[in-house]
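Structure first, then comments.
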Amino acid sequence: MTQPSPASVAGWTPIAEEAARATRMKHPDKMFPRPTHRRVITVANQKGGVGKTTSAVNLAAALALHGLRVLVIDLDPQGNASTALGVDHRSGTPSVYEVLLGEVGLAEAAQMSDQSDRLYCVPATIDLAGAEIELVSMAARESRLKEALSDEELDMLDPDYVFIDCPPSLGLLTVNAMVAAREVLIPIQCEYYALEGLSQLLRNIELVQGHLNRALTVSTILLTMYDGRTKLADQVTTEVRHHFGDTVLATVIPRSVKVSEAPGFGQSVLAYDPGSRGAMSYLDAAREVAERGAGAPR
C-alpha cells in the first residue's frame, strides 16, 4: 500500500512541516548513545571558509540537544564559536588564553551556553591573538592545552565530547589542539579547490602523530556547503569518498542561508531555525558521530 504524499494530507503545508520538524528537534523522543569513552576531537582545516567553526558549534549543539554533555574549546582568536554559543568573550573574561598560560583551570574558564544546560564553551578573547608568540618561549609549548585538559579538570565538567575549534592556520595553536586530542575532524567544502592544502594538513597531522601524539587519528571527514544544483559538488563528493572511504560521514551539509545567518544572532542553526535543512543535516551528522562513538558499525 502506497503512502499518501505530504501534500495530499489535510492541513499539510511546507510551513507546517517545518514547524513539525522544529518541534521534533527541540523535544526529541530518542537520545543519542553515550560514547564508550570521552571523545576529544579537534576540528581543523587551515583553509578558511570551509564551515569549520560552523560544524564544531552545530555538531556540539545537536549532541547536547540529544542528551550528551559537550564542551567546546574555542581556540580561534576570532572567537566565532564563542559568539555562536552565546557565551561572553569580551577582553578580561576568563578564557582559553589564561588556560594556556596556566593562570586559570579549564573548568573555571568554561561557561554554560544559553542554548543547553549540557553545552559548555571555553571562550576565546582577543588576547588569544598574541598567544602563539608568547607560547614560543614556553616550556612544552606544544602540549599546554593537553596539560590543561587533564582528567581532573575534565571530570569537573564531565563532558562526553570535547570539540576543539582551531584557527584557519597550521600554527602553534592548531598543534596544541592536535596534541591534546585523540581524533581530528576535517570539514571539506564541496567546491572548487576543495582539496587544496589538504595534503599539507595531513602531513602536519602525520608529524604530530610521529613526534607528539601517537594516538591521533583522522576519524571523521564532513562534507559541507553542498549545492545539489552543480555537477561540481557531486564530483568533489565522489572524489573525497574515493580517497577517504568510511572516514567520510554519509551526511552532507547543504549550502544554507540559515546556517550562515545563525552566528549573527549568537546562536547555532539548531537554535536559530531548528526546522531548516541545515539544522536537520547537522542533526543527522551528529547522530552518525554519536553512533560511531558508541561502537555502532559504520
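The values are calculated or read from the model by the stated rules, or taken from the named source; none is laboratory data. Quick caveat, the model's predicted, so the values are computed rather than measured. Neighbour counts are summed over all protein chains in view; Cβ atoms, including those assigned to glycine, are modelled from backbone coordinates with ideal geometry. The protein model used for the area step is the full one, side chains on, heavy atoms only, and it has no ligands, DNA or RNA in it. Shrake-Rupley method; radii C 1.70, N 1.55, O 1.52, S 1.80 Å.
Compute the acute angle (0 to 90°) between the alpha-carbon long axis of helix 52-65 and the principal axis of greatest extent of the alpha-carbon atoms of the chain; round to the nearest 10°. Here the helix axis deviates by roughly 70 degrees.
The aspartates and glutamates whose alpha-carbon is closer than 12 Å to the alpha-carbon of Lys52, local same-chain residues fewer than 8 away aside, are Asp74, Asp76, Asp165. Pull out a ≥ b ≥ c, the square roots of the eigenvalues of the alpha-carbon gyration tensor of the range 202-274, then state rounded if a/c is under 1.5, prolate if not and a/b is larger than b/c, and oblate in the remaining case. Oblate, because a/c is 1.5 or more while a/b does not exceed b/c.
Each Lys and Arg adds +1 at its Cβ and each Asp and Glu adds -1 at its Cβ; summed about the Cα centre, the chain shows a dipole of about 960 debye.
Couplings for the range 119-127, taken from phi via the Karplus curve 6.51 cos²θ - 1.76 cosθ + 1.60 with θ = phi - 60°, read 10, 10, 9, 8, x, 10, 9, 4, 4 Hz in order; Gly and Pro are left as x. The angle between the Cα long axis of helix 277-293 and the longest principal axis of the Cα atoms of the chain comes to about 60 degrees, rounded to the nearest 10. Expressed as a whole percent, the accessible surface of the chain that belongs to carbon and sulfur atoms is 53, based on a 1.4 Å probe. Among residues other than Gln78 with Cβ under 13 Å from its Cβ, the summed charge is -3 (Lys and Arg +1, Asp and Glu -1).
Between the residues Gln200, Val218, Gly130, the greatest Cα displacement towards the positive end of the dipole of the range 110-249, with unit charges on the Cβ of Lys, Arg, Asp and Glu, is found for Gln200. With Cα atoms as the point set, the radius of gyration and Dmax of the range 128-278 evaluate to 17.6, 51 Å. Each principal axis of the Cα cloud of the chain was evaluated for its coordinate range; sorted largest first, these ranges are 69, 39, 35 Å. Tell me which lysines have Cα within less than 26 Å of Lys30's Cα, excluding those fewer than 8 residues away on the same chain? Partners within reach: Lys258.
Among the GluC sites (Glu not before Pro) within the range 154-261, those in coil by DSSP and having at most 15 neighbouring Cβ atoms inside 10 Å are Glu196.
Summed over the residues of the chain and divided among them, the accessible surface reaches 46 Å² per residue at a probe radius of 1.4 Å. Most simply put, the chain has about 5% antiparallel DSSP beta bridges, counting only bridges with both residues inside it. Between the helical axis of 231-244 and the longest alpha-carbon principal axis of the chain there is an angle of about 50 degrees.
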